[in-house]
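Report on the structure given below.
Only the coordinates and a few stated rules stand behind these numbers; no lab work does. Treat the numbers as computed from the prediction; the structure is a model and nothing was measured. FYI the Cβ positions are ideal-geometry reconstructions off the backbone, even for glycines, and counts take in every protein chain you see.
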Amino acid sequence: MAEQHTPILPAFFPGGIEPEEHKELTSESPIRRLPVPDVLHVPLKQHIGNPAQALVKAGDHVRKGDVIGKPEGFVSAPVHAPTSGTVTAIEDYPAPHPSGLNGPTVHLEADGRDEWTELDPRPDFHKLGPAGIRGRIRQAGLVGMGGAGFPTFVKLNPGPDRAVDTIILNGGESEPYLTCDDRLMRERPKEILHGASIIGYTVGAKRIVVAIEANKWQAISAMLGASVGWPQIEVVAVENRYPMGAEKQLILSVTGREVPSGRLPADVGVLNQNVGTAYATYRAIVLGEPLIERVVTVSGEAIREPANLEVRFGTPIETIAAACGGYADLGRLIMGGPFVGSALHNTDPPMVKETNGLIFHARSQVPNEPVMPCIRCGACVEACPVSLVPNEMYHLARNKEFERVQDYDLFDCIECGCCAWVCPSNLPLVHYYRYAKSEIQAKERQKEVADIARRRTEARDARLRREKEEKEAKRRAKKKQTDAAKAESDTTDPREEAARKAADKRRRMRGKSPQSSDDGNDAEEGDAEGPGTAATSDESNQR
Amino acid sequence: MAQAQSRTPSLAVPSSPHDHGGGSVSSVMTAVIIGLAPVSLYSVYLFGWPVLFLLVVTLAAGLATEAVMLRLMDRPVRPHLLDGSATVTCLLLGLSLPATTPWWIAALGAVFGIGVGKQLYGGLGANPFNPAMIARVMLLISFPKELSTWPAIKPLFSGQALSFSEGLGVTFAGDKTPALPPDAASAATPLGHLKTELTMNLTVEEILGQGYSHTQALFGSLSGSAGETSAVLVLLGGLYLWWRGVIGWRIPGSMIAGTAAMALVFNIYDPSAFPGVAFHLLNGSLLFGAFFIATDMVTSPTTPRGQLVYGAGCGVLTYIIRTWGGYPEGVSFAVVLMNAGVPLIDHYTRPRVFGKEQAGGPPVGSEE
């Protein structure tokens with residue numbers, strides 16, 4: 001079959017692991033559309049970046065595809081009504097996040113008609129031009145469907161100094177359990193390739209490579225079949241090795257190009273898109289449909305009927321679970337794959353754009369092995385796909401040696417979880433790296449704030465010195481004048497004079513004096529620094 | 001409906017990954033114990049009851065020390081006793097001693113190895129030196145005579161076999177005579193024999209002609225420490241560990257290569273004064289050391305290149321100590337010496353990081 005015709009590209013990245021796949025639970029379940037629930041809770045933040053701002057209020061009637069949240073800032077994405085109905089409230093609701101915190105959410109009561117807003121399909125996408133396509137992709141609310149949720153239009157705009165010649169369509173899906181991309185490739189290959197060609201046109205890439213892990217031979221064969229007639233599209237099989245789906249690892253294996261540390265794939269001329277994103281691109285441009293639903297793999301040992309469902313965003317996980325026969329003996333609920341997904345507190349949160357999997361682990365699958373000390377076995381060093389030394393990083397992070405852990409390339413860690421997976425001591429290694437990263441970032445922010453404060457203090461000290469000198473010079477000039485004019489008639493008490501000046505100065509520091517208008521910034525800074533420093537400067541002024 | 005939802009069970013939210021390969025410290029240690037089984041059993045067969053008593057004594061003393069130390073340090077006793085690491089240390093120590101070692105020396109070694117060599121440094125994972133080897137080195141320096149008294153081969157179920165009470169006498173009463181060769185002289189290991197005879201101006205050829213054969217070394221009818229009898233069984237256990245993924249090929253491979261390279265060079269230089277590669281590889285505890293001692297995870301490097309450097313260092317040092325040192329065998333000294341260098345080796349052999357020129361270095365291609 002396909003596997004015999006397509007050579008398998010080996011994993012060129014170091015390390016990696018081969019966990020049990022568990023894909024057989026859902027790989028043969030065709031994508032099934034979940035009926036629109038009566039009530040939807042649509043979070044305004046379903047992507048990386050700033051949350052969208054609500055454009056609707058309680059009582060508003062919306063049609064399917066209407067914008068209900070507009071993007072806030074550059075890295076953000078709009079949110080659309082997943083069905084037609086009435087907005088009941090805009091209130092906080094549990095977000096699908098391990099913190100279990102609530103986020104701003106539009107609550108929608110479906111009217112059952114599920115009618116579209118006016119769409120503007122553009123099968124002739126070439127007429128839109130790259131900028132037009134990017135604009136529409138942004139308006140359609142597209143984000144990376146592989147689980148990261150990064151706004152797609154940002155990625156499609158690599159900038160003038162980065163020429164992208166190759167698009168890699170990521171069909172790796174190397175995480176266990178997940179089969180949503182597999183099913184999408186088997187069932188809708190034409191649409192995916194159509195979307196890929198739009199992406200290729202937008203960034204001006206000549207070559208599109210669809211990379212699929214070798215274990216998905218039906219997907220490979222479906223995509224190969226669909227790619228006939230697209231000369232610029234290649235379909236390749238890649239070795240079945242986690243984390244093959246990780247961006248930089250896949251790029252290396254497919255193109256032999258190594259993305260430099262801290263740089264983007266576009267720096268080596270590559271753009272990586274998930275197959276689901278390509279499919280969403282097709283729908284956004286050719287059909288004019290904004291992103292309101294996606295395919296999600298509902299799987300795990302605790303769910304009764306694992307399935308691949310096409311679900312509207314805002315559908316509560318509990319509703320999705322009920323459509324899969326419900327769950328029993330639930331021990332852990334993961335949104336995403338088991339390696340980079342996040343565990344959720346309960347089934348209240350809704351499904352969002354980045355939800356590619358919902359994995360219901362049974363109680364017996366939740367680890368209860370004791371955590372032991374590191375025995376320096378080195379399994380993590382062998383497994384790391386970035387060639388880090390995870391055991392040393394763990395010790396350094398644990399001992400809060402944040403500078404040294406950065407020297408051990410902490411920020412090159414992709415948090416794939418290979419090290420923790422192989423660790424015989426059951427150490428939550430990735431957890432320590434996340435901790436160290438957030439501590440370092442917090443310290444850097446603090447340092448930035450301190451730097452700004454220091455620069456302000458220095459500027460103000462300089463200004464005060466300058467003023468004092470000027471005043472001194474003025475005083476001397478005046479004294480000379482007075483002395484020359486009338487040496488005997490000086491009636492002003494020098495102490496009274498000093499007190500008046502000090503009072504003047506204090507007023508000026510508070511920004512109330514008319515004098516402060518010409519250097520208003522400085523006055524503000526004086527306020528920001530509090531009374532302590534102001535008092536000191538008063539004293540120095542009096543001296 | 002919303003109310004019904006809020007009653008969904010509150011689940012634990014550990015951080016990712018939410019999957020584990022299933023390995024554990026105890027499974028690693030169990031594999032090592034299984035790997036040591038053939039050579040241990042064979043040794044019991046070859047030397048009889050004393051080996052069994054010796055192993056029981058080291059295990060009992062070592063585990064008791066472990067328990068006491070854990071209690072003193074306020075650590076959970078049971079999980080650490082059951083993790084198997086102390087058992088492995090005690091087994092390795094027991095197997096590195098002559099079968100005739102009196103019980104109190106063996107016990108002292110185990111107490112020192114576990115108490116000082118391991119727990120005083122912070123317990124599992126924190127000790128810089130291989131605890132079994134640091135104990136053996138301590139014993140070798142303190143009790144050179146007892147540690148170089150080699151018993152004769154007297155297999156169980158044979159006519160020469162020691163009786164149970166004779167065995168008890170050897171280990172617990174200091175009555176070694178039944179275990180020694182008939183002429184009451186201590187049997188010598190091939191390495192020891194070679195070392196003494198070379199000082200008598202004999203050539204290697206003459207000395208080895210006195211009854212040594214590689215076949216004996218391979219299958220273990222030569223005297224030595226309990227664990228160094230049969231090269232074949234050591235190799236078997238080592239291959240099992242490699243197959244289980246507990247050890248890599250790098251440390252054993254480079255250690256054997258290190259000794260072999262030295263032996264080859266000097267054998268070519270002067271065959272009459274330096275025995276060949278096969279003699280060095282098959283005798284003494286080189287193979288045992290390469291597969292079971294130097295591969296101790298805690299005290300060996302974790303980086304791939306570091307493991308090569310460390311293994312080669314162990315091999316070369318072993319040869320140097322064997323050839324020019326005061327002791328006929330050098331594996332334990334070589335390993336302990338190389339242990340001391342592990343942090344440095346690890347630091348300078350970090351692999352090149354993906355996307356960077358080197359570990360901790362600039363991104364690839366950043367010179368443009």
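Just counting partner chain Cβ atoms within 10 Å, what average do the residues of peptide A:402-411 show around their Cβ?
Per residue, the number of nearby Cβ atoms from other chains is 2 on average.
For a footprinting-style exposure proxy, rank A:360, A:13 by other Cβ within 10 Å, fewest first.
Sorted ascending by nearby Cβ count, the order is A:13, A:360.
Where a ≥ b ≥ c are the square roots of the eigenvalues of the C-alpha gyration tensor, would you call segment B:179-319 rounded, which needs a/c under 1.5, or, failing that, prolate if a/b is larger than b/c, or oblate?
Oblate, since a/c reaches 1.5 and b/c is not below a/b.
Among residues other than residue B:283 whose Cβ falls under 13 Å from its Cβ, what is the net charge (Lys/Arg +1, Asp/Glu -1)?
0
Using the Karplus curve 6.51 cos²θ - 1.76 cosθ + 1.60 with θ = phi - 60°, what ³J(HN,Hα) values do you get for each residue of segment A:329-345, in whole Hz, with x for Gly and Pro?
Running phi through 6.51 cos²θ - 1.76 cosθ + 1.60 with θ = phi - 60° gives 6, 5, x, 7, 10, 10, 9, x, x, x, 8, 10, x, 10, 7, 10, 5 Hz.
Taking the Cβ of residue A:269 as the center, what net charge do the other residues with Cβ under 11 Å away carry, scoring Lys and Arg +1 and Asp and Glu -1?
+2
For segment A:40-115 and segment B:80-102, what is the separation of their C-alpha centers, rounded to whole Å?
Each part's Cα centre sits 65 Å from the other's.
Going Cα to Cα from residue A:480, which aspartates and glutamates come in below 18 Å? Please leave out same-chain ones fewer than 8 positions away.
A:469, A:470, A:472, A:488, A:490, A:493, A:497
Treating cross-link reach as a plain straight distance, find the lysines whose alpha-carbon is under 18 Å from the alpha-carbon of residue A:353, omitting any fewer than eight places away in the same chain.
Cα-Cα hits under 18 Å: A:45, A:64, A:70, A:155.
List the residues whose amide H sits under 5 Å from the amide H of residue A:238, counting only those 5 or more places along or on another chain, with H placed 1.01 Å from N in the peptide plane.
Long-range HN contacts for residue A:238: A:9, A:212, A:213, A:214.
Indicate the gyration tensor shape class of chain B (rounded, prolate or oblate), computed on the Cα atoms with a ≥ b ≥ c the square roots of the eigenvalues: a/c under 1.5 is rounded; otherwise a/b larger than b/c is prolate and the rest oblate.
oblate
Would you mind telling me the antiparallel percentage of the DSSP bridges in chain A, rounded to 5?
The antiparallel fraction comes to roughly 60 percent.
Considering every residue in A:360-370, what mean count of other chain Cβ atoms within 10 Å of its Cβ is obtained?
3
Are there cysteines in chain A with no second cysteine's Cβ under 4.7 Å away, and if so, which?
A:180, A:324, A:374, A:377, A:384, A:413, A:416, A:418, A:423
Which order do the peptides A:464-472, B:47-55 take when ranked by the mean count of other beta-carbon atoms within 10 Å per residue, highest first?
Averaged packing, sorted descending, gives the order B:47-55, A:464-472.
From the Cα gyration tensor of chain A, with a ≥ b ≥ c the square roots of its eigenvalues, which class applies: rounded if a/c is under 1.5, or else prolate if a/b is larger than b/c, or else oblate?
Prolate, since a/c reaches 1.5 and a/b exceeds b/c.
Consider all pairwise Cα distances in the protein assembly as shown and report the whole-number % of them above 44 Å.
Of the Cα pairs, 50 percent sit more than 44 Å apart.
Nearest 5 percent is fine: what portion of the DSSP beta bridges confined to the protein assembly as shown is antiparallel?
Approximately 60 percent, going by the DSSP bridge assignments.
How would B:92, B:72 line up from fewest to most surrounding beta-carbon atoms within 10 angstrom?
B:72, B:92
Please work out the Cα center distance from segment A:141-193 to segment A:211-277, rounded to the nearest Å.
So the separation of the two Cα centres works out to 9 Å.
Could you tell me what a quarter of the Cα convex hull surface of segment B:12-108 works out to, in nm² with one decimal place?
8.2 nm²
So, in chain B, how many Lys pairs have Cα atoms under 28 Å apart, if the pair is 8 or more places apart or on different chains?
Lysine pair count for chain B: 7.
Would you mind ranking A:298, B:364 so that the residue whose beta carbon has the fewest other beta carbons within 10 Å leads the list?
By the 10 Å Cβ count, ascending, the order reads B:364, A:298.
Within 10 Å of each Cβ of A:254-261, how many other protein chain Cβ atoms are there on average?
Whole-number average of other-chain Cβ neighbours for A:254-261 is 4.
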